[in-house]
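Here's the structure we're looking at; comments come further down.
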Amino acid sequence: MAAAVVGAAGAGYSQKELSCKKKDEFEDILEERWQSSDIQFAMKCYTPAIYKGLSPCKPGTLKTIVLKSEQVQYVIKQLSKETGESSDIIQEEAMEILEEMGHSLRLGAIRFFAFTLSKVFKKLFQRVCVNEEGIQRLTQVIQEHPVVFLPSHRSYTDFLLLSYIMFTYDLPVPVIASGTDFLGMKMVNGLLRMSGAFFMRRTFHGNKLYWAVFAEYVKTILRKGYAPVEFFVEGTRSRTSKTLTPKFGLLSIVMDPFFKREVFDTYLVPISISYDRILEESLYAYELLGVPKPKESTSGLLKARRVLSENFGSIHVYFGQPVSVRTLASGRINRSQYNLMPRHISQRPSKDLQEFVKDIAYRMELIQIENMVLNPGALVAAILLQNLPGMDYDVLVEKTLWLRGLTLSFGGFLDWPGNLSASKVVRSTLTLHSNLMNLVDGHVVLLGGWKEESRLTEELVFQWAVSVLMCASYRNQVVNVFVRPALVAISSEMAQSSKKEDIYRVFIFLREIFSNEFIFLPGSALKDFEEGCFLLTKCEAVQITAHEIIVTERENSMVSFLSTMFKPFTEGYQIICRYLSNDMTQAFTEKQFSSGVQNFVSQLLVTGATQCYEALSRDMQNNALSTFVRLGVVKKIQLANGFTFCADKEAVNKTADKLGSRIPSEQRLISRL
Amino acid sequence: MASGTSSQLAQRRLRIISGHVQPPQTPEALSLHPCRAPTAAGSIPKRRQEVLKWNGWGYNDSKFIFNKKGQAEFTGKRYQLGGMVLPALREWMEKTFGASLEHRTTSQASLNVVPPAIINEGFLHDLKASGISYSFDTEDRVFRAHGHCLNEIFALREGLFRRIPDLVVWPNCHDDTLKIVELACKHNVCIIPFGGGTSVCNALECPEDEKRTIVSLDTSQMNRILWIDEKNLTAHIEAGIIGQDLERQLGESGYCTGHEPDSMEFSTVGGWVATRASGMKKNIYGNIEDLVVHIKMVTPCGVIEKSCLSPRMSTGPDIHHFILGSEGTLGVVTEVTIKIRPVPEYQKYGSVVFPNFEQGVACLREVAKQRCAPASIRLMDNAQFQFGHALKPQVSSIFISFLDSLKKFYITKFKGFDANQLCVATLLFEGDREKVLQHEKQVYDIAAKFGGLAAGEDNGQRGYMLTFVIAYLRDLGMEYYVIGESFETSVPWDRVLDLCRNVKERITRECKEKGVQFPPFTTCRVAQTYDTGACVYFYFAFNYRGLSDSVHVYEQIEFAAREEILANGGSLSHHHGVGKLRKQWLRESISDVGIGMLRSVKNYVDPNNIFGNRNLL
Ligand SMILES: Cc1cc2nc3c(=O)[nH]c(=O)nc-3n(C[C@H](O)[C@H](O)[C@H](O)COP(=O)(O)OP(=O)(O)OC[C@H]3O[C@@H](n4cnc5c(N)ncnc54)[C@H](O)[C@@H]3O)c2cc1C
């Protein structure tokens, strides 16, 4: 391995692969909405381009087809055999599931949404920008093949927005797999159904019938080319604005018809939706801190009307290049694996297939990330977080400009108003986030009741944490752009050696530890390392020789900026390790773990032993736990009523040590811990 | 059209196929010493070049041409289509392939540049002494250097062969064959059995790096029916007899085998056995493996055969199945005892039009399920249906095109049918008159359930005709930059539609990717039905103007199509065989152990690889 590193990284990362690919132009679809009648828009002639092999059918017929399908019938018969229940009763159950799940696409509802959303979007957002070339590509592929939309998921707005865009461009409205937590919202629920959403229970592990009905429903829609299918690879809304690690279940369902050659091909369309400001921003922060999520009830949504008076900036939607599953699969999976069993009997997917699905899921997310429009706010947030509680305005402007350069050279897709001065850009960002940041007397501060360390209470810690997490969520929009070079930089600090092999070893460790936090393509550590090295060399932060990586004096500040940007993660995980090592002598449940960490961290914060507010985040805690389980640092034990965990002290300490083996500035912290 | 009596019908069908009725043969059937008995004068002479094209399909006198007026015409008198003008064909070619009469390619006049013969003097000496007929003539050698794959015909027309047989021998009988094989073993020369030369899997192609003398063992002179057993309904025949001669000669005694592969004008009994051939009427008569009762094969380690003519045996694995499909790698099949049936009293063609291919397949599936398939039932897709129109002759009372004769139905019955969707099933019923009529009704009733409407006998008959002329059509295409081929597979019922759609789509896409300028012509038919699945037959052709290496492109696309078939749960081959064309997939098709079994049989039977055509393994 080491030899490979030296050889490959020595040659440098291929320039071509990273030279910022040309991105499409955007078009603001609200512009026309400002100029012409929304009613007319909603009532326009809507004749979307359709799949050439479409066999038209009504939503009701669709349900019957699914119910009568060999797949579902087979499972019904099997269940009846297993449980002794009559198959009629199970059949009825299946019908109920279909009713609960089934969408009922209606043009009327779509028009209603088109009208209402026009109004709402105009109130909330300045612009809704769409890359029209992406739409053109989509228009073509929709007619040729079954299509699956894979948008990023940051907000409930996502799927309303996408359907709205489809309507605007005269494209078929997708059928959406979305969480059943909407079912509580009576009115909205009905409308959503009619606009194409169908519902999936969050957890249906072990419910064979549900799985069968659901899978068949999705596949039937694809096979018939009835409508594009849309779902979120991330599984749920990311509360942190960081891309969540992908889920594989739905992805393998939508690819299944191709694997079984029931369709010639299926196209996946990664879609990146980025918001200058996310509607749910504060809600997410509370959730991350463990305040129970308010159940989405209709009245809750109505209260959200308050929100309507605020400004949420722009939305950018980038439709990526549609990707052919057939092309992706070519040569990678054993093509005859479905030959020996009837296709309606579901088989455990083979290993190569599982690997494939996993790989594709990650690739799709990486494309989402690559095409995600970044805004100045993310840069401001990233800088401000390194200068809490606040900083000089002019310095902020200067640094933002500097970070802009860095972001661009790392391949970030930045939406930077060309006609404005940097100062103006920062200022308008501050205005947009005025609930979070404030400019007073040439000084920018994060709002949220910052108090001097001595007088901290848990309550104040909590208050401040809300602001920090909100701010962090904007910084998080850019972390995946920086993560590779940053991990190389951090590795070179931690390795306390300039030997490439040593640094690579640490890099692998960090990449492994943080693979739940950031998106890395499985099995491509070396490539990630090379990319990181290449980017650092490109901006002259390091020099790479055949065997060494040396941080150049001149750009030392960049390296430390990068490593500080990721400090909340390195430090957060370290703290969690400490907690496991000190406090967790016995087996514990996930709940005990979170609340334990939470207490532990807030104590540290109260006493000023750390500034790592992000360690309070449930998201980080959960990621850390599952990482530790994956690495064998913590054992997960299945009990009758759930799981318990048990930490391997030695391994925990080792991990903590590795994470803590830093240069002097960090040693201070460790001694204080 | 009124149907005649069955013997008339049988005759007529033969005429349709070849129209080439020979004067009745003197029966040699009962000669006790077949070697000394004069061989029957078969339809194809020893010097094949006298009647057959050297660089294309079929008889010299039969081909498609464009006449002075630029209209397509079929020459010769052998086929019903002979001498007729086909006005729609040109436009079809222009439209379908973007072909043009201006852009022609011409075949070289002859293939004289051949590798020099490698002669094993010892073998030649002993061969001469044996008195067995042989030849070094270049034409004779070239004629036996190939089958009818596209690359082979292309090489004849504008290329060359790197390796051809060095010598052709014509054994007169089993004993001659024994002698030849014995000499071959003695002198270590390579033998490639040659039957009718209709192989479509490069099975006859000589391995380029074969350094030994390659002897093409032409079986054509072993072409007698040795006896007919009317009590047990079997006939014992020599393996070199070609299909048309066999059926005609049996017909003279009131019998038939019923084995009618589309190549039956030229292919031989030995070839059928060696490739596991399948005949059009297998629903009644069975495929070749169902038909043979006894096989005699000469191998390097002796003769293999069973000791009785029993209808079925439980004596371990059936040794016939080592022979069937051995593709000339183990030995020469010299004699075969085959089932015969009385010539059916009555034959009737038929056809059904379906609104679309899906419905048609569903109907065939149901027919198979009820096990009431007629002698033949084939479903052509829409493209093939349209192609039928292109072969409409100018003046003929019988040859009204599909479309024309459908037109009158069209207005009345087919209103709901889309001319770009509908497809046709062709049917052939056989048996005694009453049963045929009953059977016919049963099938049409099933068809009706799938929206199928009876569309007359003529259409059915013409459908079968198409199969024979299509082989000639390729030669015409090649004159105008159009190359093509057929290929086939078998697949479980539930995957038929997916397979057909995906394979066609794959071809279209591959062509585009490979820079083929005009969309290719792809069409398929469900050619055979079984209890559990069907045989699907594809035609595929494209205009190669603008491509630098057309045959290579063609091969890449054919490769992709086969990959697609395998990915769709189709078999490597239903009846064309493996040869060298599909060798690369055999291992995955039959597993490592399977290959090992075949290899160990080969190693035992032919350790020195005398039968060195290198098919299969
Ligand atoms: C237009 C056309 C239509 C066709 N239609 C059909 C069809 O309907 N059904 C079908 O099954 N096939 C069909 N084929 C394929 C071909 O006709 C068959 O494979 C046929 O069985 C080959 O017989 P042949 O006598 O021509 O053998 P050849 O082509 O001469 O040889 C084929 C292989 O068998 C070996 N062989 C030949 N004779 C002997 C023998 N006596 N002993 C041992 N090995 C021998 C040869 O070495 C070679 O490997 C068609 C081909 C064409 C060109």
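Rule-based calculations on the coordinates, nothing more; no lab input. Predicted model, so just to flag it, every value in this text is computed and none were measured. Backbone-built Cβ (ideal geometry, glycine too); neighbour counts: all protein chains shown.
My understanding is that a pair violates if its Cα-Cα distance is over 26 Å; which of B:K211/B:K602; A:K358/A:K500; A:K527/A:K636; A:K358/A:K527 do that in this structure? Don't skip to the end; give the middle numbers.
On the way: B:K211/B:K602 20 Å; A:K358/A:K500 30 Å; A:K527/A:K636 31 Å; A:K358/A:K527 18 Å.
Flagged as over cut-off: A:K358/A:K500; A:K527/A:K636.
Got a sec? How would A:R239, B:R212, A:R106 order by Cβ neighbour count within 10 Å, fewest to most?
On the way: A:R239 24, B:R212 19, A:R106 15.
With the fewest neighbours first, A:R239, B:R212, A:R106 line up as A:R106, B:R212, A:R239.
Using 1/(1 + (r/R0)^6) with R0 = 35 angstrom and r between the beta carbons of A:Q386 and A:F41, what's the FRET efficiency to the nearest 0.05?
Numbers: r = 45 Å, r/R0 = 1.29.
In this case the efficiency is close to 0.20.
Suppose we keep just the alpha-carbon trace of the stretch A:576-659; what are its Rg and Dmax in angstrom?
Considering the stretch A:576-659 through its Cα atoms, Rg and Dmax are 12.5, 41 Å.
Work the Kirkwood hydrodynamic radius out for the stretch A:59-371: mean of 1/r over every pair of different alpha-carbon atoms, inverted, in Å.
Details: mean 1/r = 0.0490 Å⁻¹.
Computed over the stretch A:59-371, the radius equals 20.4 Å.
For a quick check: sort B:C206, A:C57 by the number of other beta carbons within 10 angstrom, fewest at the front. The partial results should precede the final answer.
On the way: B:C206 24, A:C57 14.
Ascending Cβ contact count within 10 Å gives the list A:C57, B:C206.
Run down the aspartates and glutamates and flag those whose C-alpha is under 18 Å from the C-alpha of B:K69, throwing out any fewer than 8 positions away in its chain.
B:E91, B:E94, B:E102, B:E479
Could you pull out every one of the lysines with an alpha carbon less than 18 Å from that of B:K339, ignoring same-chain neighbours closer than 8 positions?
Cross-link targets: B:K231, B:K281, B:K282, B:K296, B:K306.
Give me the net charge for the shell around A:A114: Cβ to Cβ below 15 angstrom, other residues only, Lys and Arg +1, Asp and Glu -1.
Net charge around A:A114: +3.
Rounded, prolate or oblate: pick one for the stretch A:360-502, where a ≥ b ≥ c are the square roots of the eigenvalues of its C-alpha gyration tensor, a/c under 1.5 means rounded, and failing that, prolate if a/b is larger than b/c, else oblate.
On the way: a/c = 1.71, a/b = 1.26, b/c = 1.35.
Cα axes put the stretch A:360-502 in the oblate bin.
Just how far, in whole angstrom, is the stretch A:423-478 from the stretch B:206-260 if you go by their alpha carbon centroids?
94
Give me Rg over Rh for the protein assembly as shown, both radii from the alpha carbons and Rh done the Kirkwood way, two decimal places.
Expressed as Rg/Rh, it is 1.06.
Please state the equivalent ellipsoid semi-axes for the stretch B:167-313: what are the square roots of 5 times the Cα gyration tensor eigenvalues, largest first, in whole Å?
Its equivalent ellipsoid spans semi-axes of 28, 18, 14 Å.
Can you give the Rg and Dmax of chain A based on its C-alpha atoms, in angstrom?
Rg and Dmax of chain A, Cα atoms, are 25.7, 77 Å.
May I ask what percent, to the nearest 5, of DSSP beta bridges between residues of chain A are antiparallel? Write down the numbers at each step before the final one.
Working: 28 of 47 bridges.
Percentage antiparallel, nearest 5: 60.
Quick one: compute the contact order of chain B, relative version, from alpha carbon pairs under 8 angstrom and 6+ residues apart, as a percent. Intermediate results must be reported in sequence, preceding the final value.
Numbers: 1245 pairs, mean separation 100.6, N = 617.
Computed over chain B, the figure is 16 percent.
Based on alpha-carbon atoms only, what is the radius of gyration of chain B relative to the globular estimate 2.2 N^0.38 Å? Present the calculation step by step, with values, prior to reporting the outcome.
On the way: Rg = 23.7 Å, N = 617, 2.2 N^0.38 = 25.3 Å.
In units of the 2.2 N^0.38 Å rule of thumb, it is 0.94.
Looking at chain B, send over the antiparallel percent of its DSSP beta bridges, to the nearest 5. Write down the numbers at each step before the final one.
Working: 68 of 76 bridges.
Bridges in chain B that DSSP calls antiparallel: roughly 90 percent.
What nm value, rounded to one decimal, do you get for the distance between B:S310 and A:I345 when each label is placed 7 Å out toward the C-beta?
3.6
Would you check the stretch B:347-568 for Lys pairs whose C-alpha atoms are within less than 16 Å, ignoring same-chain pairs closer than 8 in sequence, and give me the count?
So the count works out to 9.
Under a straight-distance cross-link criterion of Cα-Cα below 16 Å, which aspartates and glutamates are reachable from A:K119, leaving out those fewer than 8 residues away in the same chain?
Excluding near neighbours in sequence, the set is A:D28, A:E31, A:E32, A:D38, A:E310.
Please give the contour-minus-distance gain from A:T83 to A:A640: 0.36 nm per residue of separation, less the Cα-Cα distance, rounded to one decimal in nm.
Details: separation 557, 0.36 × 557 = 200.52 nm, distance 2.15 nm.
Stretched fully, the A:T83-A:A640 segment lengthens by 198.4 nm.
Could you state the orientation-averaged shadow area of the convex hull built on the Cα atoms of the stretch B:419-540, in nm² to one decimal?
Numbers: hull surface 37.8 nm².
Averaged projected area of the stretch B:419-540's Cα convex hull equals 9.5 nm².
How long are the semi-axes of the equivalent ellipsoid of the stretch B:347-568, taking √(5λ) for every eigenvalue λ of the Cα gyration tensor, in whole Å from largest down? Display every interim value, and only then the final one.
On the way: eigenvalues 189, 86, 45 Å².
Ellipsoid half-lengths, sorted descending, are 31, 21, 15 Å.
Arrange the following residues from fewest to most other Cβ atoms within 10 Å of their Cβ: B:M313, A:M255, A:M194.
Values: B:M313 12, A:M255 25, A:M194 19.
Going from sparsest to densest Cβ surroundings: B:M313, A:M194, A:M255.
Among rounded, prolate and oblate, which fits the stretch A:406-486 when a ≥ b ≥ c are the square roots of the eigenvalues of its C-alpha gyration tensor, a/c under 1.5 means rounded, and a/b larger than b/c means prolate?
Details: a/c = 2.86, a/b = 1.49, b/c = 1.91.
Note, shape of the stretch A:406-486 comes out oblate.
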